[in-house]
Amino acid sequence: MSGSWQFASGMAHATHIHSAIQVAGTGELRVLALPKSQVELVDNWDVLGLRATHSIDYHCADVFVPATHTYLATTTNPANGGAIYRLGLVNTSAVGHTGWALGVGRRLLDELKLVAAAKSGTRNAAVDTAQFHAAYATAEAKLRSARAWAMEVWRDIEDTLDAGELTSTEQDTLLRLALNHATWTVQDVGQTVHRWAGTAAIRRGPVDRFLRDLGTGTQHITSSPTVLQNCGKWLSGAQPRAHWEFLDLTP
């Protein structure tokens with residue numbers, strides 16, 4: 001294989017990589033697994049947030065990968081593992097992305113609570129105002145609501161997989177929508193935390209770090225406007241016969 005790829009998350013911690021390529025002649029999309037040593041790494045992960053993921057770029061030329069180390073990118077027929085692996089590659093990754101968003105939101109609100117406790121009772125403390133209390137309660141409700149809906153969506157998917165069935169187009173749509181909703185809900189929560197945390201939001205520390213991580217994570221393709229638009233196309237009935245292939249809604 002030959003080519004260039006961007007955002008290889010976790011590359012610094014990995015021994016092998018997996019790259020998606022379109023097979024010449026057939027147009028088939030396959031994932032190829034190979035040792036990291038066989039590609040040229042580009043150390044360009046100079047970012048504000050999610051620094052530990054080390055999501056650098058890489059490229060290679062004429063690297064041989066045996067067929068035994070490849071698989072169809074859209075497969076829902078795993079060679080190993082239980083029912084959960086019938087989700088497919090993209091749907092499985094949505095589990096992690098959703099958990100990340102909700103986890104960051106939870107940590108930010110917990111950190112804001114600590115900031116409020118430390119500042120309460122000091123002169124002109126904004127955290128002692130009714131406005132802050134209402135803002136915190138609103139952020140808490142938003143986060144818990146997003147989490148509750150995500151859990152509902154995934155509980156239904158688990159029941160389907162445990163029954164030996166594959167996910168429907170509606171379920172594939174809702175898991176993407178729940179991820180998108182969780183991510184941007186947490187972004188909204190982050191804005192609340194930034195507003196009320198004061199200088200704790202700009203000095204090095206947990207609040208600053210998680211706000212930077214959040215600002216980077218919201219730019220992931222899984223939470224892009226295009227995915228949201230495609231969810232709306234199917235849910236509104238504009239493309240009722242469409243199905244999902246990776247992040248694309250295919251007519």
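Which whole-number percent gives the relative contact order of segment 75-169, counting Cα pairs below 8 Å spaced six or more residues apart? In percent, rounded to a whole number, it is 33.
For segment 173-251, what is the charge dipole size about the Cα centre, in debye to the nearest 20, if Lys and Arg each add +1 at the Cβ and Asp and Glu each add -1 at the Cβ?
200
A Cβ-based charge dipole, computed about the Cα centre of the chain with Lys and Arg at +1 and Asp and Glu at -1, lands at about 980 debye. Positive-end ranking of 215, 198, 230 along the dipole of segment 144-249, with charges on Cβ about the Cα centre, is headed by 198.
Accessible surface calculations at 1.4 Å, restricted to protein heavy atoms, place the chain at 57 Å² per residue.
A straight Cα-to-Cα reach below 26 Å connects residue 233 with the lysines 142, residues fewer than 8 places away in its own chain not being considered. Farthest toward the positive end of the dipole of the chain, out of 173, 161, 97, is the Cα of 97, where the dipole comes from beta carbon charges about the Cα centre. Scanning the chain for long hydrophobic helices, with DSSP H runs required to stretch 27 angstrom or more by C-alpha along their axis and to average at least 1.0 on the Kyte-Doolittle scale, returns nothing. About the centre of its Cα atoms, segment 1-88 shows a dipole size close to 340 debye [charges on the beta carbon of Lys, Arg (+1) and Asp, Glu (-1) only; nearest 20 debye]. For residue 7, the amide hydrogen comes within under 5 Å of the amide hydrogens of 57, counting only partners 5 or more places away or on other chains and with H modelled in the peptide plane. For the chain, the carbon plus sulfur part of the accessible surface works out to 55%, probe radius 1.4 Å.
Tell me, what is the FRET efficiency for residue 110 and residue 219 to the nearest 0.05, using R0 = 25 angstrom and their Cβ-Cβ distance as r? About 0.55, to the nearest 0.05.
Counting only chymotrypsin sites (Phe, Trp or Tyr not before Pro) that DSSP places in a loop and that have at most 16 other Cβ atoms within 10 Å, the longest clean stretch of the chain runs over 65-245. Normalising the average separation of contacting C-alpha pairs (under 8 angstrom, six or more residues apart) by the number of residues puts the relative contact order of segment 94-251 at 29 percent.
The values are calculated or read from the model by the stated rules, or taken from the named source; none is laboratory data. Please read these numbers as outputs of a predicted model, since none were measured by experiment. We place every Cβ from the backbone using ideal geometry, glycine too, and count neighbours over all the protein chains shown. Only protein heavy atoms, including side chains, enter the accessible area calculation; ligands, DNA and RNA are left aside. Shrake-Rupley method; radii C 1.70, N 1.55, O 1.52, S 1.80 Å.
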